[in-house]
Structures are given as structure tokens and as C-alpha cells.
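The values are calculated or read from the model by the stated rules, or taken from the named source; none is laboratory data. Fair warning: this is a prediction, and the values are worked out from it, not measured in the lab. Note that we place each Cβ from the backbone using ideal geometry, even for glycine, and neighbour counts take in every protein chain shown. Keep in mind that these areas ignore ligands, DNA and RNA; they rest on the heavy atoms of the full protein, side chains included. Shrake-Rupley method; radii C 1.70, N 1.55, O 1.52, S 1.80 Å.
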Amino acid sequence: GQQVMQIPQYQHVQEGEDFTTYCNSSTTLSNIQWYKQRPGGHPVFLIQLVKSGEVKKQKRLTFQFGEAKKNSSLHITATQTTDVGTYFCAYTGTASKLTFGTGTRLQVTL
Amino acid sequence: GAGVSQSPSNKVTEKGKDVELRCDPISGHTALYWYRQSLGQGLEFLIYFQGNSAPDKSGLPSDRFSAERTGGSVSTLTIQRTQQEDSAVYLCASLVAGGDYEQYFGPGTRLTVT
């Protein structure tokens, strides 16, 4: 399957600053999922977006699926140290097979 | 209920030895996946089982890798004649195919080949 690129690869922010990671595909995706992986941990599902232009919020996290369904973003408002980890986007193709993006590692310092 | 479990949590083996990694999916989950994650890298799909259908083996990197799923539940990933480049965390995930789309991941097995 195609590769889904995420930018940036790494970001270091001060606690309280905002953070955004972008997920880009060259072709239309049927859906996009977001996962968070804490250091030393395993990926944990955050959300799935399906509709063009869809926006969903979870407390300080805002997820968006582009109008063309080729890109997505995850925005965190006022980061906290508990937000540290790697954020992956992923999409399901045939047979629910998940293809993961390259990931964005977030570091938050006081 | 219990989540996805994997064993062992850590495995150190010598180059050339065979290893078996085990995954116990969530009860009732009909789909099971294996992924590999090298240090600081993303997740690489290895193999997918769905019910009694033939598994999707398209992600297995070589014929040294194989996997079984017995009785539609427990799965074993076997790596024969291990190489140093096989060192990685091997993650298993399960879901209820046709229903919930969320994949539930196990804690992984960290394999180190010396």
C-alpha cells in the first residue's frame, strides 16, 4: 500500500504551547485513524474519521479530515507533559489492514 | 475484560536460533494482526488472520517468518534462524471484524538477537 507521510517527524514544545501533526497521502483515503504511543508503550487508539471535512474533538485534542480525504491533522491545545509520545495516523484498506504513517514524536518540557 | 496479552515480554536470543512469540487476543475478536516496530520507527504490518480465511501474509519480510492461529484464538509468530536485523518489538492487535474498527494492541514482545 501507499505510504502515508507525517510531518514533523519530531517536535519539542514547552508545556502550554500548542502542537499540530499532519498526515498526508497522495491518494484518497476511506478513513483515517489516530493512535498515541507513549515511550515504551504500545499504540492506543484515539479516534477514527470517515467523512470529508470531518472535525472531532476530545478535550484538548482536535482531529480533522481534509475535504479531499487525502490529509488529516491532530492539534493539541496547551500541551501537557502527559501528551508526550509518538502520534501515528493510520488508514484501513482491504480487510481492515491498518497501514501506519511515519509518526510524529512529541516532547513536552516544563 | 482482559486485553490482548503477549509473551514473552522480552526475548534475547543468539543469531541463528529460532524463536516463538505468542499472542492471546481479546476473547471474541475474530481478526488478529502482527506488526513489527524497530527502534524509533513506525509500525510495519506482518500478517493478518480473519476467522477461517487464509491469512494475509503479504507483510512477512522473508520465508524465515511464519505465523499460525490455532482455533481462531491464540497466535504464534515464529522466526527461524534469527538475524540481528530481526531485533524489534513485535506487536499483536485484535479487533471484531465487521463491527468495531478499533485495533487493540498488546504490550508487545521485545526481541533482541545477539
Label-point separation, B:Lys17 to B:Ala2 (7 Å along Cα→Cβ), nm: 2.6 nm
1.4 Å probe accessible area per residue over chain A, in Å²: 48 Å²
Size of the A/B contact, given as accessible area buried on both chains, probe 1.4 Å, in Å²: 1400 Å²
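For chain B, with only Lys/Arg (+1) and Asp/Glu (-1) charged at the beta-carbon, what is the dipole magnitude about the Cα centre, in debye rounded to 20? Write out the running numbers ahead of the final one.
Values: 10 positive and 12 negative charges, 54 e Å.
Computed about the Cα centre, the dipole is about 260 debye.
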Of A:Tyr87, A:Ser52, A:Thr20, farthest towards positive along the dipole that unit charges on Lys, Arg, Asp, Glu beta carbons give chain A: A:Ser52
Listed residues B:Ser58, B:Ser75, B:Ser94, most fluctuating in chain B (Gaussian network, C-alpha, under 10 Å): B:Ser58
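Based on the Kirkwood radius over alpha-carbon pairs, what is the Stokes-Einstein translational diffusion coefficient of the protein assembly as shown at 10 °C with 1.306 mPa s viscosity, in µm²/s? Please list the in-between numbers first.
On the way: Rh = 18.1 Å.
The calculation lands on 88 µm²/s.
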Chain B, relative contact order in percent, only Cα pairs under 8 angstrom and at least six apart counted: 38 percent
Charge sum, other residues only, whose C-beta stays under 12 Å from A:Ile32's C-beta, Lys/Arg counted +1 and Asp/Glu -1: +3
Relative contact order for the stretch A:25-87, counting Cα pairs under 8 Å that sit 6 or more residues apart, in percent: 33 percent
Protein-protein interface of the stretch A:74-110, residues with accessible area decrease of at least 20 Å², isolated chain reference, 1.4 Å probe: A:Phe88, A:Ala95, A:Ser96, A:Lys97, A:Leu98, A:Phe100
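Taking the stretch B:1-91, which GluC sites (Glu not before Pro) meet the DSSP loop condition and have no more than 11 other C-beta atoms within 10 Å? Walk me through the numbers on the way to the answer.
Numbers: sites: B:Glu14, B:Glu20, B:Glu44, B:Glu68, B:Glu85; in loops: B:Glu14.
Listed in order of number, the matching sites are B:Glu14.
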For chain A, built as a Gaussian network whose Cα springs stay under 10 Å, the top-fluctuating residue of A:Lys69, A:Lys57, A:Lys36: A:Lys57
Accessible area of the protein assembly as shown belonging to carbon and sulfur atoms, whole % at 1.4 Å probe: 48 percent
Distance violations [Cα-Cα > 29 Å] among A:Lys56/A:Lys97; A:Lys36/B:Lys17; A:Lys57/A:Lys97: A:Lys36/B:Lys17
Rounded if a/c under 1.5, otherwise prolate or oblate - chain A, Cα gyration tensor axes: prolate
Charge dipole magnitude, Cβ of K and R +1, D and E -1 - the stretch B:1-62, Cα centre, debye nearest 20: 100 debye
Point-charge dipole on Cβ atoms (K/R +1, D/E -1) for the stretch A:5-109, about Cα centre, debye to 20: 320 debye
Nonlocal amide H pairs with A:Glu15, under 5 Å, H built at 1.01 Å: A:Thr109, A:Leu110
Values of log10 I(q)/I(0), in the order q = 0.15 Å⁻¹, for the stretch B:41-114 under a Debye, Cα-only, solvent-free model: -0.56
